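The values are calculated or read from the model by the stated rules, or taken from the named source; none is laboratory data. Here the structure is a predicted model, which means the values were calculated and not measured. All Cβ positions, even for glycine, are placed from backbone atoms using ideal geometry, and neighbour counts span all protein chains on display. With ligands, DNA and RNA removed, areas are computed over all heavy atoms of the protein, side chains included. Shrake-Rupley method; radii C 1.70, N 1.55, O 1.52, S 1.80 Å.
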2 protein chains.
Amino acid sequence: MNKPWKVVIIGGGFGGLSAARALKSAPVDITLIDRRNYHLFQPLLYQIATGSLSAGDIAAPLRGVLSRHKNTRVLLGDVQDIDPVGKRVVLADGASFDYDSLIVAAGSRSFYYGNENWREWAPSLKNIDEAIGVRHKILYAFEVAERLSDPIQRREWLTFVIVGGGATGVEMAGAIAEIARQTLKNDFRSIHPEEAQIILMDGGERLLSGFPEDLSKTAASALAKLGVQVKLGLRVSDIDKEGLTIQTQNTTYRMPAKTVIWAGGVTASPLGKTLATRTNAETDKGGRIKVTPQLTIPGYSDIYVVGDLALSIDPKGTHLPGLAQVAMQGGAHAAKAIIRKVQGKQEPTPFKYFDKGTLAVIGRWSAIADVFGVHMSGYPAWLVWVFIHLMYIVQFQSRILVFIQWAIQDLTSSRSARLITGSAASDFNFNSEVSALASKPPGKERVALKA
Amino acid sequence: MNKPWKVVIIGGGFGGLSAARALKSAPVDITLIDRRNYHLFQPLLYQIATGSLSAGDIAAPLRGVLSRHKNTRVLLGDVQDIDPVGKRVVLADGASFDYDSLIVAAGSRSFYYGNENWREWAPSLKNIDEAIGVRHKILYAFEVAERLSDPIQRREWLTFVIVGGGATGVEMAGAIAEIARQTLKNDFRSIHPEEAQIILMDGGERLLSGFPEDLSKTAASALAKLGVQVKLGLRVSDIDKEGLTIQTQNTTYRMPAKTVIWAGGVTASPLGKTLATRTNAETDKGGRIKVTPQLTIPGYSDIYVVGDLALSIDPKGTHLPGLAQVAMQGGAHAAKAIIRKVQGKQEPTPFKYFDKGTLAVIGRWSAIADVFGVHMSGYPAWLVWVFIHLMYIVQFQSRILVFIQWAIQDLTSSRSARLITGSAASDFNFNSEVSALASKPPGKERVALKA
């Protein structure tokens with residue numbers, strides 16, 4: 001009897017999971033390794049950050065998703081090294097796993113263009129913990145503002161700046177505008193949440209550069225209607241506790257804001273660098289590994305790289321974007337190639353990306369969509385968005401729960417998950433903020449408050 | 001015009017929230033202060049800990065719940081002191097608030113009988129963060145066991161000890177048994193989760209001492225059927241990383257267990273001590289403040305203490321238990337008394353607790369209930385439990401979401417919220433655990449694993 005063909009998959013995101021699924025009935029032994037015990041539906045992370053959904057709604061335990069895959073073993077572990085000659089994957093704790101075929105789908109993380117210190121003041125949105133951190137920061141800003149009487153300080157706490165005008169930035173800006181104008185409308189007694197300033201900035205000439213130009217314009221005007229200030233052609237040169245330093249072509253100025261959210265860019269997982277060193281593979285400046293048309297590393301036909309970590313080029317010569325559908329199709333392609341190899345068949349055909357379209361939601365009942373070349377906006381686009389997102393959520397249960405929560409939220413503007421949990425209070429230094437203020441000359445209302 | 005009557009409510013739990021609700025239409029100015037921005041439905045916390053529900057399902061933002069209460073202001077703050085003569089509440093950040101009537105509903109926290117160092121190894125279940133910590137610990141134990149080959153070590157990681165045989169302990173034991181026997185049945189490849197040992201221990205002679213004796217017996221045999229080992233008359237003398245030290249009447253022994261959960265006891269919020277000192281009030285050894293039949297502090301008819309912080313004695317001379325319904329009725333009573341005072345009416349009648357009954361769930365389709373003196377168990381009791389819990393969940397949306405999740409879980413045994421988030425991995429020292437083990441003589445399977 002032959003030894004079974006060993007497949008190791010690194011990463012349980014869209015790429016890794018879709019590979020595991022495509023291999024479900026294949027005569028292979030699969031080990032899927034992830035640092036987290038869940039698959040995350042990343043496109044809806046901004047809804048965690050804005051209190052629409054709970055973590056459990058968009059994350060599914062990997063073991064549960066794959067429990068009927070009898071050929072698949074899920075392991076919680078942190079891959080630290082890959083030996084492409086010995087064909088071995090090594091975990092941080094020293095354990096190692098042999099492979100016959102390896103699928104690397106380690107994904108990307110947020111990137112601050114070398115300014116890691118900005119992360120503290122401008123959290124990003126790449127995983128559940130970051131999203132919950134952003135949620136705390138937003139809700140907390142309103143709480144602090146409610147306690148303040150000085151109009152200038154209040155304004156700083158009620159200024160929300162989103163850096164980066166891609167889909168995540170647009171979705172965050174729209175959602176924060178709704179929170180301020182709708183959700184929290186009746187929740188405070190001293191402040192008027194609808195006075196909040198929401199600023200969406202980008203260094204480019206237009207929002208949503210991955211979308212057709214007319215849809216960028218539609219999105220910008222829809223955001224303007226929601227009260228979002230869109231500022232283009234600005235470059236951030238610093239971010240600190242008090243706000244941002246902004247550079248335009250001619251001048252540098254400060255933008256005071258207590259809440260800055262980073263939707264600015266991503267870079268490949270650090271594992272990419274290790275893998276590139278071991279295989280002498282080329283990487284781009286985002287750390288992505290240049291792969292062959294078969295999605296393998298040149299010279300290593302047994303190592304597939306898919307998803308955000310791969311720099312794959314379609315026949316027209318354009319780089320494929322870091323989208324869920326690219327990762328899913330890539331994962332499935334790698335799986336098919338492995339099945340052919342195990343069956344002793346020929347090299348597979350090159351990977352062909354089938355672009356189903358791109359979508360971004362702007363606010364309640366409003367989205368833009370470019371589906372098979374058809375440009376849509378407003379309510380119809382929003383319906384398409386809702387339908388597609390519900391369809392792609394992995395678990396049946398989550399699909400129902402998300403649907404109901406969206407329905408209730410659309411009818412009532414309520415966001416039931418706007419909870420500040422964990423050590424948020426101490427993280428954001430409410431006490432030291434407020435007592436620092438208390439030592440300043442009090443405004444009229446503070447006197448009354450402390451009488 | 002008269003100045004409005006100022007009511008300060010400390011705590012947004014069952015007691016504080018029910019007081020605020022009963023005062024909704026009263027001609028008073030209410031400030032409700034809580035350290036958290038949400039009301040928590042504590043009786044279902046164990047379902048957060050066992051991955052059945054997400055935090056958002058059982059917690060409701062206080063501002064949202066009270067947004068239509070035009071006379072009520074919600075503040076996020078940590079009350080540090082109370083001046084009963086100056087009639088003032090002081091926050092940790094120095095802000096202070098005057099009151100004409102004060103309702104103190106600061107609740108309780110878990111108590112380790114003076115052994116605070118046990119908390120690290122035996123987390124308890126009093127708030128969302130603790131419940132999520134317990135969830136991580138349970139799920140993590142299975143993950144580590146999956147990586148181990150030594151049967152003795154595996155057994156230690158698959159031993160779950162719950163200390164305390166009250167309702168929370170019983171509910172946790174039942175839920176962990178179900179996770180091991182049902183939910184995770186097909187999720188692992190090396191271990192058999194159903195081999196997990198679940199031990200529920202208590203120092204007393206029976207479980208659920210607050211329930212009638214026949215129901216305690218029913219519960220114990222229902223737990224036994226689920227595979228829970230119930231051990232009574234045991235005293236814990238130490239808890240550390242490796243397990244517990246147990247004392248019986250005659251002997252002392254070690255019980256190795258990597259997962260210990262504390263359901264052992266509660267003590268009043270530390271604010272109780274401050275308040276007792278300021279008012280010379282009597283407290284019991286649990287830190288609860290002895291109140292008058294009107295629920296006020298003797299000598300301070302403007303300070304009401306309700307819920308877990310109050311030691312109130314019913315006409316029969318028995319102490320009222322620390323239950324949601326006692327807190328809710330107490331809060332409503334205090335509110336009514338304040339309304340009478342504002343209206344210039346007579347002192348209110350003494351608080352009379354109306355006991356609607358007690359319930360505890362044991363497992364799927366199984367509970368015990370003592371409702372108006374009628375003892376129920378099994379499926380009928382479970383239906384009563386489901387109905388009452390759904391009824392008392394504060395938000396309409398949560399009610400629907402919880403209902404659907406329970407329905408799906410009852411049909412499929414799946415628990416979709418079994419996520420390990422946050423810094424759990426480093427908290428529980430997976431890496432150092434495993435590398436410590438790696439240096440020991442490897443078992444047969446580990447060799448294969450590392451080959």
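In this structure, does A:SER398 turn out to be hydroxyl-bearing (Ser, Thr, Tyr), out of contact with any Leu (no Cβ under 8 Å at 6 or more places or on another chain) and modelled with pLDDT under 70? Please lay out each step first, then the result.
Details: hydroxyl-bearing (Ser, Thr, Tyr): yes; out of contact with any Leu (no Cβ under 8 Å at 6 or more places or on another chain): yes; modelled with pLDDT under 70: no.
Against the criterion (hydroxyl-bearing (Ser, Thr, Tyr), out of contact with any Leu (no Cβ under 8 Å at 6 or more places or on another chain) and modelled with pLDDT under 70), A:SER398 does not qualify.
Regarding the range B:302-312, can at least one residue be identified that is out of contact with any strand residue (DSSP E or B) (no Cβ under 7 Å at 6 or more places or on another chain) and open to solvent by 30 Å² or more (accessible area, probe 1.4 Å)? Full working, then the answer.
Looking only at the range B:302-312, we keep the residues that are out of contact with any strand residue (DSSP E or B) (no Cβ under 7 Å at 6 or more places or on another chain), and these are B:307, B:312.
Of the ones still in play, those that are also open to solvent by 30 Å² or more (accessible area, probe 1.4 Å) are none.
No: zero hits.
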* **Within the range A:113-133, considering residues that are within 13 Å of A:ILE261 (Cα to Cα) and either more than 14 Å from chain B (Cβ to nearest Cβ) or of a type in the set (Phe, Trp, Tyr) (or both), the one nearest to the chain's Cα centre (by Cα)** => A:LEU125
* In the range A:233-247, the residues that are touching a residue at least 60 places away in the same chain (Cβ under 8 Å) and part of a loop (DSSP other than H, G, I, E, B) -> A:LYS241, A:GLU242
* To do: Sort out which residues of the range B:265-289 are within 29 Å of B:TRP118 (Cα to Cα) and either part of a strand (DSSP E or B) or among the hydroxyl-bearing types (Ser, Thr, Tyr) (or both), and write them in order of number.
  => B:VAL266, B:THR267, B:ALA268, B:SER269, B:THR274, B:THR277, B:THR283, B:ILE289
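For every residue, the table says whether it meets (1) surrounded by fewer than 19 Cβ atoms within 10 Å (Cβ to Cβ); (2) in a strand (DSSP E or B); (3) in contact with an Asp or Glu (Cβ under 6 Å, 6 or more places away or on another chain).
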residue: A:LYS137; (1), (2), (3): no, no, no
residue: A:GLU143; (1), (2), (3): no, no, no
residue: A:ILE152; (1), (2), (3): yes, no, no
residue: A:MET172; (1), (2), (3): no, no, no
residue: A:ASP187; (1), (2), (3): no, no, no
residue: A:ILE191; (1), (2), (3): no, no, yes
residue: A:GLU205; (1), (2), (3): yes, no, no
residue: A:GLY210; (1), (2), (3): yes, no, no
residue: A:ALA224; (1), (2), (3): yes, no, no
* List pairs: first in the range B:90-112 and more than 14 Å from chain A (Cβ to nearest Cβ), second surrounded by 22 or more Cβ atoms within 10 Å (Cβ to Cβ) and basic (Lys, Arg), Cβ under 9 Å, 6+ apart or cross-chain? -> B:SER108/B:ARG288
* **Matching residues, the range A:19-45, being among the basic types (Lys, Arg) and within 16 Å of A:ALA106 (Cβ to Cβ)** => A:ARG35, A:ARG36
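Look at A:GLN229 and say whether it is in a helix (DSSP H, G or I), open to solvent by 40 Å² or more (accessible area, probe 1.4 Å) and among the polar types (S, T, N, Q).
Values: in a helix (DSSP H, G or I): no; open to solvent by 40 Å² or more (accessible area, probe 1.4 Å): yes; among the polar types (S, T, N, Q): yes.
So A:GLN229 fails the test.
Would the range B:111-121 turn up any residue that is open to solvent by less than 40 Å² (accessible area, probe 1.4 Å) and under 30 Å from B:ILE10 (Cα atoms)? Give the derivation first.
Step one: of the range B:111-121, the residues open to solvent by less than 40 Å² (accessible area, probe 1.4 Å) are B:112, B:118.
Now narrow it down to the ones that are under 30 Å from B:ILE10 (Cα atoms): B:112, B:118.
Scanning the range B:111-121, I find at least one residue that is open to solvent by less than 40 Å² (accessible area, probe 1.4 Å) and under 30 Å from B:ILE10 (Cα atoms), so the answer is yes.
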* Any chance you could count how many residues in the range B:72-89 are more than 10 Å from chain A (Cβ to nearest Cβ) and over 27 Å from the mean Cα position of the chain (by Cα)? => 5
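Out of A:ARG154, A:ARG181, A:ARG189, I need the residue that is among the basic types (Lys, Arg) and touching a strand residue (DSSP E or B) at 6+ places or on another chain (Cβ under 9 Å). Which one? Outline the logic, then answer.
Working: A:ARG154 fails: touching a strand residue (DSSP E or B) at 6+ places or on another chain (Cβ under 9 Å); A:ARG181 fails: touching a strand residue (DSSP E or B) at 6+ places or on another chain (Cβ under 9 Å).
None of the others qualify; the one that does is A:ARG189.
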* List, please: which pairs have Cβ atoms under 6 Å, are six or more places apart or on different chains, and start with a residue in the range B:253-273 that is touching a residue at least 12 places away in the same chain (Cβ under 8 Å) and end with one that is of a type in the set (A, V, I, L, M) and part of a loop (DSSP other than H, G, I, E, B)? -> B:VAL260/B:ALA122; B:TRP262/B:ALA122; B:SER269/B:ALA106; B:LEU271/B:ALA106
* Asked: Hey, any hits in the range B:16-25 for a residue that's within 12 Å of another protein chain (Cβ to nearest Cβ), over 25 Å from A:ALA55 (Cβ atoms) and surrounded by fewer than 18 Cβ atoms within 10 Å (Cβ to Cβ)?
  -> no
* Taking the range B:389-399, which residues are open to solvent by less than 50 Å² (accessible area, probe 1.4 Å) and either touching a residue at least 60 places away in the same chain (Cβ under 8 Å) or within 17 Å of B:ASP355 (Cβ to Cβ) (or both)? -> B:HIS389, B:ILE393, B:VAL394, B:GLN395, B:SER398
* Asked: Going by the structure shown, is B:GLN409 facing chain A (nearest Cβ under 7 Å) and either at pLDDT below 80 or surrounded by fewer than 17 Cβ atoms within 10 Å (Cβ to Cβ) (or both)?
  -> no
* Structure fact -> Those residues of the range A:168-192 which are under 20 Å from A:ILE408 (Cβ atoms) and within 14 Å of chain B (Cβ to nearest Cβ) amount to A:ILE179, A:ALA180, A:GLN182, A:THR183, A:LEU184, A:LYS185, A:ASN186, A:ASP187
* Structure fact -> Requiring at least 3 residues that are touching a residue at least 40 places away in the same chain (Cβ under 8 Å) and crowded, with 17+ Cβ neighbours inside 10 Å, the strands (runs of 3 or more DSSP E) wholly within the range A:321-380 are A:358-363, A:366-371
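Can you tell me which of A:LYS356, A:LYS290, A:LYS273, A:LYS285 is basic (Lys, Arg) and touching a Pro at 6+ places or on another chain (Cβ under 9 Å)?
Values: A:LYS356 fails: touching a Pro at 6+ places or on another chain (Cβ under 9 Å); A:LYS273 fails: touching a Pro at 6+ places or on another chain (Cβ under 9 Å); A:LYS285 fails: touching a Pro at 6+ places or on another chain (Cβ under 9 Å).
Going through A:LYS356, A:LYS290, A:LYS273, A:LYS285 in turn, just one is basic (Lys, Arg) and touching a Pro at 6+ places or on another chain (Cβ under 9 Å): A:LYS290.
Let's see how each residue does on (1) at pLDDT 95 or above; (2) among the small types (Gly, Ala, Ser):
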site: B:GLY86; (1), (2): yes, yes
site: B:VAL89; (1), (2): yes, no
site: B:ALA95; (1), (2): no, yes
site: B:TYR113; (1), (2): no, no
site: B:ARG119; (1), (2): no, no
site: B:ALA131; (1), (2): no, yes
site: B:VAL134; (1), (2): no, no
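For the range B:38-94, give me every one of the strands (runs of 3 or more DSSP E) that falls completely inside it and has 1 or more residues that are over 18 Å from A:ASN186 (Cα atoms) and open to solvent by less than 30 Å² (accessible area, probe 1.4 Å).
Details: elements: B:38-40, B:59-61, B:72-76, B:79-83, B:88-91.
Fully inside the range B:38-94 and qualifying: B:38-40, B:59-61, B:79-83, B:88-91.
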* To do: Go through the range B:113-129 and give me each residue that's in a helix (DSSP H, G or I), within 17 Å of B:GLY164 (Cα to Cα) and in contact (Cβ under 8 Å) with a residue 60 or more places away in the chain.
  => B:TRP118, B:ARG119
